[in-house]
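K.L.:
Here's a structure for you.
The values are calculated or read from the model by the stated rules, or taken from the named source; none is laboratory data. As the structure is a computational prediction, the values presented were derived from the model and not from experiment. Every residue, glycine among them, receives a Cβ derived from its backbone with ideal geometry; neighbour counts consider all protein chains shown.
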Amino acid sequence: MRPQDLRAPADRRHWRLCLLRSSTQIRSYSNPELAWDKRALEKLATGNLKSLIGYDETELDDTGNIELRCWACAADALGERKPDVVSFDPSWHHNYASLAWIGGEAEQYRAAHYPSIKPELVELTSALHGLAHDPEMRTPYLADAARFADRFQLPPDQREALIKLDLPSIVKMGAHPLVPFLAQLQIERLRPRISTGRSS
């Protein structure tokens with residue numbers, strides 16, 4: 001990759017770039033591990049960034065790839081993403097590789113199954129977490145779900161989803177799927193007891 005290739009157009013503002021420098025130990029400095037580097041890069045080129053955690057310190061040191069520990073940290077931040085640019089430039093003393101990710105992540109990559117909590121869902125998540133883990137919060141919910149929902153500062157769509165414990169709608173909003181699932185599980189577990197007159 002030439003330096004001018006790294007100048008992204010104005011509408012491509014989200015570059016992710018990593019550089020790999022590979023060499024063997026000093027005793028064989030002029031003979032870098034070309035085959036090893038190619039195998040490692042082939043996995044990364046498919047988007048298998050997790051492959052980086054499969055190398056132990058001895059293997060990385062023997063092949064002159066200690067720097068891949070830094071790549072593993074970067075990969076954790078990027079997630080499993082297939083790079084848009086893959087370049088490999090071997091030489092007599094080092095092998096250089098470049099990976100780049102160019103914008104459009106939202107369109108190109110699947111959303112995380114377990115996303116981080118969106119700020120606008122904090123109140124809803126707090127309510128659901130309470131239902132999932134706090135017996136004292138389940139009682140008022142079962143008595144009057146609408147009144148329980150009014151304890152929280154929720155927009156109308158979130159309030160309705162909480163009252164109904166509408167799992168698909170809550171997940172579609174971007175909530176962590178496990179939280180509404182556990183809340184629904186606990187409430188559904190208690191409802192038969194209430195209908196038969198047994199206490200929770």
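K.L.:
Which of the residues spanning segment 145-169 are part of a loop (DSSP other than H, G, I, E, B), closer than 15 Å to Gln184 by Cα and without any contact (Cβ under 8 Å) to a residue 12 or more places away in the chain? Reasoning before the result, please.
P.N.:
Step one: of segment 145-169, the residues part of a loop (DSSP other than H, G, I, E, B) are 150-155, 165-166.
Add one more test, that the residue is closer than 15 Å to Gln184 by Cα, and what stays is 165-166.
Correct list: Asp166 only.
K.L.:
Does segment 184-193 contain any residue that is in a loop (DSSP other than H, G, I, E, B) and either modelled with pLDDT of 95 or more or surrounded by 15 or more Cβ atoms within 10 Å (Cβ to Cβ) (or both)?
P.N.:
Step one: list which residues in segment 184-193 are in a loop (DSSP other than H, G, I, E, B), which gives none.
Looking through segment 184-193, none of the residues is in a loop (DSSP other than H, G, I, E, B) and either modelled with pLDDT of 95 or more or surrounded by 15 or more Cβ atoms within 10 Å (Cβ to Cβ) (or both).
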